[in-house]
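Structure, as structure tokens:
What follows draws every value from the coordinates through simple rules; no lab data is involved. Keep in mind that what you see is a predicted model, and the values were worked out from it rather than measured. Here the Cβ is made from the backbone with ideal geometry for all residues, glycine too, and neighbour counts use every protein chain on show.
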Amino acid sequence: MSEVSSIACDFDLPECITDAKRQFDDWMKKPQDNKINPDMRYIIYCTAIRTGGEEEWNFAYRQYKQSTTASETDNLLRSLACSEVPWILQRYLQYAITPEEIRKQETGSILVNVASNKIGRSIAWNFVQSKWDYIHDDYLAGYWNGGGVIKQVARVFNTEFELQQVCTINILLLRLKN
């Protein structure tokens with residue numbers, strides 16, 4: 001059922017979107033009483049955030065900050081990257097490198113999740129390029145080693161210009177390793 005629901009929501013079936021928004025709205029009205037089926041939470045959260053706006057995103061972000069379980073934290077972090085509002089995605093990326101907002105160990109996943117979003121792809125790539133020194137030195141060195149993030153962020157690129165950008169960054173990474 002969950003895979004069918006996910007596909008239905010990905011294809012913007014009105015019934016799926018309406019149901020996801022209703023369940024998310026109910027949760028927003030009673031944050032202490034989340035009745036969304038745990039197996040469906042990512043789908044519901046992602047759909048509501050993708051089709052919603054700042055209010056839905058901010059609510060999910062507050063829930064992330066209060067979350068005490070790994071599965072709920074993961075669902076919320078992945079869902080926050082579902083927004084299709086560019087400035088919200090940009091803010092999320094900025095939060096990802098702000099230790100008071102997001103734990104350091106989540107940064108790589110957030111970059112990858114935003115890059116997996118069709119709207120977020122170029123936003124994530126531009127962010128990684130503009131903040132590379134800071135991100136690599138403070139967040140990715142050793143753990144992600146930079147290259148994994150570049151590979152994930154660039155995996156959907158399909159132009160000659162984008163290829164050249166990735167090659168340039170990879171050359172820089174090779175020089176850093178030597």
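Highest mean packing comes first when the peptides 62-72, 39-49, 99-109 are listed by Cβ atoms within 10 Å, giving 39-49, 99-109, 62-72. Listed by chain and number, the lysines whose alpha-carbon sits under 23 Å from that of LYS30, ignoring those within fewer than 8 places in the same chain, are LYS21, LYS65. Here's the list of aspartates and glutamates a cross-link from LYS131 could span, going by alpha-carbon distance under 20 Å and ignoring same-chain residues fewer than 8 apart: GLU100, GLU101, GLU106, GLU162.
Peptides 17-27, 73-83 ranked from most to least packed, by the mean per-residue count of other Cβ atoms within 10 Å: 73-83, 17-27. Other residues with beta-carbon under 13 Å from the beta-carbon of PRO38 carry, at +1 per Lys or Arg and -1 per Asp or Glu, a net charge of -1. A full extension of the chain between GLU100 and TRP87 corresponds to an added length of 2.7 nm, given 0.36 nm per residue minus the alpha carbon distance.
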